[in-house]
Structures are given as C-alpha cells and as structure tokens.
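Visitor: Below: one structure in structure tokens.
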Amino acid sequence: MTREEKGKIIEELAQKLASVNNFYITDASGLTVEQTNAFRKLCYKNGIEYKVVKNSLIKKALATLKTDYTPFDEKKVLKGFSGIMFSESGKAPAKVIKDFRKDAEKPVFKAASVDTSLFIGEDSLDLLSKLKSKNELIGEIIGLLQSPAKNVVSALQSSRNKLSGIVKTLSERPE
C-alpha cells in the first residue's frame with residue numbers, strides 16, 4: 001500500500017470517526033469465514049457499519065480528532081487484530097457483540113467511544129449494552145413528571161363520588 005493510499009484511508013477514517021458519535025473497536029481474529037460473514041450480516045441488519053482497519057491507520061485517524069484518545073494507547077487497545085463498528089446508537093454494537101457471542105467466543109470487545117466518553121475493556125460491555133438512548137431517557141423523565149399530575153387528577157376523579165356522598169350524608173343528618 002502506497003503512502004497516498006494510506007493517507008486517503010486515514011482521511012476517510014478520520015471523517016467517518018468525526019461524523020459518527022459512537023464507535024467500538026473489537027478483535028474478531030480467529031473467527032471462521034462463515035462466522036465473520038454472519039457477524040457482518042448481524043451488524044448490517046442492526047444498522048452498524050463494520051470495517052477491519054490496520055491499527056496504525058486507526059491511531060493516526062484518532063490523532064486528528066478533538067477528543068483525547070491516549071487511554072487507548074495506554075491500555076494497548078490498538079494491538080493485534082482490530083475491527084471498528086460505527087453506529088448511531090451507543091448500545092446497539094454492544095448488543096450485537098453479546099448476541100453474537102452466544103454462539104462464539106469472539107469478537108472480543110476492546111474499547112468504545114460513546115458520545116466522546118471512552119470505555120475500555122471487556123467489563124465495560126455489560127454497561128454499554130444497558131445504556132439508554134437520549135430519547136428513552138427523555139421519555140422516562142416525561143413519564144416521571146406526568147405521574148404526580150395523573151395521580152392528583154385520578155384521586156380527585158375517584159373521590160368526587162365519595163365527596164358528594166359524604167356531603168349528602170352530612171346534610172341529611174339531623175343536628
């Protein structure tokens with residue numbers, strides 16, 4: 001591969017990394033051809049783009065971004081075989097990895113960047129698979145805010161009949 005080709009790949013990868021808020025780095029070495037194809041199909045089905053890229057090119061592309069990715073170097077994330085999963089969702093790649101690993105031991109989760117927050121190591125995969133999207137969190141907050149108002153309204157509506165019965169009973173009572 002010539003320098004120009006490498007430069008072009010680094011530039012394209014840097015643009016992709018800058019345009020997507022979430023990416024995962026995995027190690028899928030040791031998978032058979034059938035398993036690799038099945039993993040790619042699962043990624044595609046879930047709206048995830050999966051690419052295998054040389055570590056040195058990933059490192060150079062990450063260096064062009066504003067976020068500090070030096071923890072990836074410190075934890076030796078970019079060693080061995082590396083594949084990158086690009087996604088609009090922060091938890092979709094984690095779910096795909098976990099689903100695929102029900103039948104195989106790999107791919108191994110190395111690291112992820114979710115909205116510029118870095119997650120490194122296999123123990124972060126469970127946390128990432130349980131992340132809620134922004135829309136899910138907004139929905140929960142709206143539900144929590146609506147809950148007290150709904151309780152007051154339902155209490156007033158259910159007690160309306162009771163209240164009128166009590167007033168009627170008190171008015172009919174001899175003094």
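Laboratory data are not the source of any read-out in this text; all were calculated from the coordinates shown. All of these numbers come straight from a predicted model, not from anything done at the bench. In this analysis, Cβ positions are derived from the backbone assuming ideal geometry, glycine residues included, and neighbour counts consider all displayed protein chains.
Visitor: Take the alpha carbon gyration tensor of region 12-59, find the square roots of its eigenvalues, order them as a ≥ b ≥ c, and report rounded if a/c is under 1.5; if not, report prolate when a/b exceeds b/c, else oblate.
Guide: The shape class here is oblate.
Visitor: Which value in nm describes the separation of the simple spin-label points at LYS8 and ASN151, placed 7 Å from the Cα toward the beta carbon?
Guide: 6.3
Visitor: I would also like to ask the following. Would you mind finding the longest exposed-site-free stretch of the chain, with exposed trypsin sites (Lys or Arg not before Pro) meaning DSSP loop and at most 13 other Cβ atoms within 10 Å?
Guide: Value returned for the longest uninterrupted segment is 1-65.
Visitor: Right, here's the next one. Enumerate the residues in region 103-129 having an amide nitrogen under 18 Å from the point lying 7 Å beyond the Cα of LYS66 toward its Cβ.
Guide: 113-118
Visitor: Sum -39500 (n - 2.57) across every DSSP H segment of at least 4 residues in the chain, then divide by the residue count to get the 222 nm mean residue ellipticity, nearest 500.
Guide: Result for the chain, helices only: -18000 deg cm²/dmol.
Visitor: Taking square-rooted eigenvalues a ≥ b ≥ c of the alpha carbon gyration tensor, is region 92-143 rounded, prolate or oblate, where a/c under 1.5 means rounded and, failing that, a/b exceeding b/c means prolate?
Guide: Judged from the Cα gyration tensor, region 92-143 comes out oblate (a/c at least 1.5, b/c at or above a/b).
Visitor: Label-point separation (nm) for VAL20 and ASP126, each offset 7 Å from Cα along Cα-to-Cβ?
Guide: With each label placed 7 Å out from Cα toward Cβ, I get 2.7 nm.
Visitor: Output the 0 to 90 degree angle, nearest 10, between the alpha-carbon long axis of helix 3-19 and the longest principal axis computed from the alpha carbons of the chain.
Guide: 0
Visitor: Could you give the length gained by full extension between LYS75 and SER89, i.e. 0.36 nm per residue of separation minus their alpha carbon distance, to one decimal place?
Guide: 2.6 nm
Visitor: Now for a separate question. Which Cα, out of LEU128, PRO93, ASN46, lies furthest along the positive dipole direction of the chain (beta carbon charges, K/R +1, D/E -1)?
Guide: Farthest towards the positive pole: ASN46.
Visitor: Indicate the gyration tensor shape class of the chain (rounded, prolate or oblate), computed on the Cα atoms with a ≥ b ≥ c the square roots of the eigenvalues: a/c under 1.5 is rounded; otherwise a/b larger than b/c is prolate and the rest oblate.
Guide: Since a/c reaches 1.5 and a/b is larger than b/c, the shape of the chain is classed as prolate.
Visitor: Be a star and scan region 77-112 for residues whose amide nitrogen sits under 14 Å from the point 7 Å along the Cα-to-Cβ vector of GLU49.
Guide: Answer for region 77-112: 84-89.
Visitor: Tilt of helix 33-45 relative to the longest C-alpha principal axis of the chain, in degrees (0 to 90, nearest 10)?
Guide: Compared with the principal axis, the helix lies near 40 degrees.
Visitor: For the chain, with only Lys/Arg (+1) and Asp/Glu (-1) charged at the beta-carbon, what is the dipole magnitude about the Cα centre, in debye rounded to 20?
Guide: For the chain, the charge dipole is close to 180 debye.
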